[in-house]
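K.L.:
Below you'll find the structure I mean.
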Amino acid sequence: MFLGLDSSTQSLTAVLIDPDSGEIACQFSVNFGNDLPQYEASNGFIPGGANGEVHSNPAMWLEALDLLFSRLAAATDLSQVKMIAGSGQQHGSVYLDSSFDTRLAALDSGQNLVHQLAPAFTRQTSPIWMDTSTGEECAEITNTLGGSAEVCRRSGSIAIERFTGPQIRRFFKTDPDAYARTGRIHLVSSFIASVIAGKSVSIDYGDGAGMNLLNLATLAWDRDLLDATAPGLLEKLPSPAAATTVQGAVSGYFVGKYGLASACRCALFTGDNPASLVGMGATRPGNIVISLGTSDTFFAAMPGPKTDPNGFGHVFGNPAGGFMSLICFRNGSLAREALRDRLGLDWSAFERAALAGTREAAGTNLMLPFFGPEITPRRDFTGPVLQGSPAFESAAQPALQVRALLEGQFLNMRLHSQWMEVKTERIRLTGGASKNDGIAQLVADVFQAPVERLEVSNSAALGAALIAAAAGGHDLDALQQTFCQSSPDSALQPDSSLAPAYQDAMRRFAALLDAV
Ligand code: XUL
């Protein structure tokens, strides 16, 4: 058995797999808001942060880990687990003093994790990926390096507010004493991995690339980026390494308390997006994953560390080797729901409208589908921009607006992923809106590629379990074929007669974006 854990914004999830039978043996989740209400973080973060700050309590993550293992141990025999791997929400950071390693080495199964480890925190709260408070620090790092293009060339992304380097710099500037007392800075992923392994472990290339600190060409911490971020940072960071690196045996704490075997070993933990790439069976270039959620994300494997010259896309390590891109679009379901409400449609009408009766209008009317500020492209839109027939612009035919909104979202994705220069052979679609056949068909038509939908619900935790099995000697391609099958009858082929219309629409969409 191989165990994958995912520590996300709102929950901690475990997926246990048996590669020999090809089955998921069990899955459990701890929801921070429901299961640990004493932390008063109903959505997993501390509400009401000032100046764009969004923090979580790392003690809550420790308590969740004990709770999850107690649920797992009650339901299954954990002595069967050979290897554990995991993933975490990306970019979030945990600050610890020099007692962290000795505390880990001396963990007592008779007590809980929070009680024994929380005294090591030098910062009581952890900034997470939703934090936007570091605009000033991003500008400082960028200026020191000589511009955004240089930061992007080295680290795979321009300096980004939520990324860990700018967050570390802000901590250093606002609380230099606590920064000086910090002996170790971990990502959420490497923090949880360290607790499991009973010692401070490495940061993997997948999650490490989300820090604005890792040099993608050398896969080592970049001296100039470190110096631009905060003094003495190199000594505080764990070394970077590949996700499948085995770090050693599981901590005796978990053996004594939850019945894991002392021979159970730990691989590294990675970011939730790199783990999802694995869990969606998309680690080979040519596959892309589009996740339709509150925000939409687009991620895909890439053979080399090619970077986005416009700085919208990010490049992370691919746990299977090589690299991956990640592009986030803020106006995902946010925009789909805003238009649905504006037109007074219900969901089934939304789907029908997108499909029925408007096919002849494919690619004709254009909508820049931004109902609020967007990050790809990075612009302060206050509402959508429409260009097309009078019946479209006046909403006399609401279905035309629905079609144009969805087409606009997928044209925007296609346009802003061209820098990767990887031919799209297959799209794996996930997230709430992916179940909608009308929306899924539009993705196939706009990208002119087949679309598949997977039955996987916890793609990051499943990906982590597959990474654990790969670190334990199983073949990752074979594992993905077994565990990442598309749902029967969910595959959709593109309508090739629409290819010229969408090629032309993308050109006009780009021109409209430039013009407004
Ligand atoms: C990626 C990002 C989010 C988090 C969510 O850059 O910020 O997708 O990883 O957990």
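The values are calculated or read from the model by the stated rules, or taken from the named source; none is laboratory data. Since the model is a prediction, treat every value here as computed from it, not as a measurement. All Cβ positions, glycine included, derive from the backbone under ideal geometry; neighbour counts span all protein chains shown. Remember, those area values only see protein heavy atoms, side chains included, never the ligands or the DNA or RNA. Shrake-Rupley method; radii C 1.70, N 1.55, O 1.52, S 1.80 Å.
K.L.:
Name the pairs: first residue in segment 433-455 and acidic (Asp, Glu), second residue surrounded by fewer than 18 Cβ atoms within 10 Å (Cβ to Cβ), Cβ to Cβ under 6 Å, at least 6 apart or on different chains?
P.N.:
As it stands, the answer is ASP445/ASP495; GLU452/ALA491; GLU455/SER487, since those pairs meet every condition given.
K.L.:
While we're looking at this one, here's another question. Quick test for you: out of GLY279, GLY304, pick the one residue that is touching a residue at least 12 places away in the same chain (Cβ under 8 Å) and either within 14 Å of the ligand (Cβ to nearest atom) or crowded, with 19+ Cβ neighbours inside 10 Å (or both).
P.N.:
Only one candidate qualifies: GLY279.
K.L.:
Within segment 208-266, which helices (runs of 4 or more DSSP H) (wholly inside it) include 3 or more residues that are open to solvent by 10 Å² or more (accessible area, probe 1.4 Å) and farther than 25 Å from THR76 by Cα?
P.N.:
Hits in segment 208-266: 223-229, 233-236.
K.L.:
What residue, among those in segment 475-516 that are surrounded by 19 or more Cβ atoms within 10 Å (Cβ to Cβ) and assigned to a loop (DSSP other than H, G, I, E, B), is nearest to the chain's Cα centre (by Cα)?
P.N.:
Ranking the candidates gives CYS484 first.
K.L.:
Looking at ALA395, ALA391, which one is outside any loop (DSSP other than H, G, I, E, B), assigned by TED's automatic domain parsing to the domain that holds SER497, surrounded by fewer than 16 Cβ atoms within 10 Å (Cβ to Cβ) and in contact with a helix residue (DSSP H, G or I) (Cβ under 9 Å, 6 or more places away or on another chain)?
P.N.:
Within the list ALA395, ALA391, the selection yields ALA391.
K.L.:
Quick one: which residue in GLY271, GLY286 is on the phi > 0 side of the Ramachandran plot and open to solvent by less than 10 Å² (accessible area, probe 1.4 Å)?
P.N.:
After applying the criteria, what remains is GLY286.
K.L.:
Considering each residue of segment 427-437, count those that are part of a strand (DSSP E or B) and either among the aliphatic types (A, V, I, L, M) or over 20 Å from the mean Cα position of the chain (by Cα) (or both), and give that number.
P.N.:
Qualifying residue count, segment 427-437: 2.
K.L.:
Here's something else I'd like to know. Take the residues in segment 83-97 that are within 16 Å of the ligand (Cβ to nearest atom) and within 18 Å of LYS236 (Cβ to Cβ), then tell me which one is surrounded by the fewest Cβ atoms within 10 Å (Cβ to Cβ).
P.N.:
Checked segment 83-97; the qualifying residue surrounded by the fewest Cβ atoms within 10 Å (Cβ to Cβ) is SER93.
K.L.:
Filter segment 308-317 down to residues that are within 15 Å of the ligand (Cβ to nearest atom) and assigned to a loop (DSSP other than H, G, I, E, B) and give me whichever is most open to solvent (accessible area, probe 1.4 Å).
P.N.:
PHE312
K.L.:
Continuing with this model, one more query. Report whether or not ALA444 is closer than 30 Å to SER29 by Cα and hydrophobic (A, V, I, L, M, F, W, C).
P.N.:
no
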